[in-house]
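I'd like to ask you about the structure that follows.
Read-outs throughout are calculated quantities, based only on the coordinates presented, and are distinct from any laboratory measurement. Computed from a predicted model, the values in this text were never measured in an experiment. Heads up, the Cβs are rebuilt from the backbone with ideal geometry, glycines too, and the neighbour counts pull from every protein chain shown.
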Amino acid sequence: MKTKEAIQEDEERIRKLVRELPEEQRFQFFKRTEQRLKDPDTYATLNYLFIAGLHHFYLGKWVRGLVNLSIFLFGVILLFTGLALAGVVLLIAITIVELKALFKSQDIIQDYNNAVMIAIYREITGDL
């Protein structure tokens, strides 16, 4: 994961590139970004349910989301069996793993959105 400063520098670099685009391309850029950028508040809200991994689905990380959801559901199932301690351990483990995403949600979304903006910029300008 990049540092907060590096993410902000990337965003400023992207904004500068976009400002230099001709008006029609700039219009296309903003039209496309409006549809594809992710909202930090939505991600943060889903992140508060981090045990289930819903925030991964929001960013299109289906495999990681399914892994989190599977571990969460398996842990819950174990709670209602004779292996309740194993269920608690699984739930605690997934919680510890996902705490980083909880505390860095703003940076994660900003970095994700920067990558989306670069991809859109390249689509519009043909710059690969």
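For residues that are touching a helix residue (DSSP H, G or I) at 6+ places or on another chain (Cβ under 7 Å), under 15 Å from A52 (Cβ atoms) and in contact (Cβ under 8 Å) with a residue 12 or more places away in the chain, tally how many sit in the stretch 64-78.
8
Could you please find all residues in the stretch 22-47 being under 15 Å from A119 (Cα atoms) and either in contact (Cβ under 8 Å) with a residue 40 or more places away in the chain or of a type in the set (S, T, Y) (or both)?
Q25, Q28, F29, R32, T33, R36, L37, K38 - these are the residues of the stretch 22-47 that are under 15 Å from A119 (Cα atoms) and either in contact (Cβ under 8 Å) with a residue 40 or more places away in the chain or of a type in the set (S, T, Y) (or both).
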